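Inspection log for the structure reproduced underneath, given as structure tokens.
We did not get these values from a lab; they are worked out from the coordinates using the rules stated. In this text, all values refer to a predicted model and were calculated from it rather than measured experimentally. Heads up, the Cβs are rebuilt from the backbone with ideal geometry, glycines too, and the neighbour counts pull from every protein chain shown.
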Amino acid sequence: FNAVQLSGMHQALVHEQERSGAAWMLEWLILPQMVVATAAALRLAAELTAQIESLGH
């Protein structure tokens, strides 16, 4: 999911001499979704690492 959102962010970076309002709007539509997806992934990673009982045995 985030990989596709990242491609949208890259598309928003392509701009003329001055930043257009459409590019700003695209960035601000995508960014919150990326933050939520990242937070969910971090929460899951924390849950999974909390379940590790031993490592390297």
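Hey, fewest Cβ within 10 Å first, where do Glu47, Glu53, Glu27 land in order? Mind dumping the intermediate values first?
Numbers: Glu47 9, Glu53 5, Glu27 15.
By the 10 Å Cβ count, ascending, the order reads Glu53, Glu47, Glu27.
Taking just the C-alpha trace of the range 1-50, give me its Rg and Dmax in Å.
When restricted to the Cα atoms of the range 1-50, Rg and Dmax are 14.2, 49 Å.
If one takes the longest principal axis of the Cα atoms in the chain, at what angle in degrees, from 0 to 90 and to the nearest 10, does the Cα axis of helix 21-50 lie?
0
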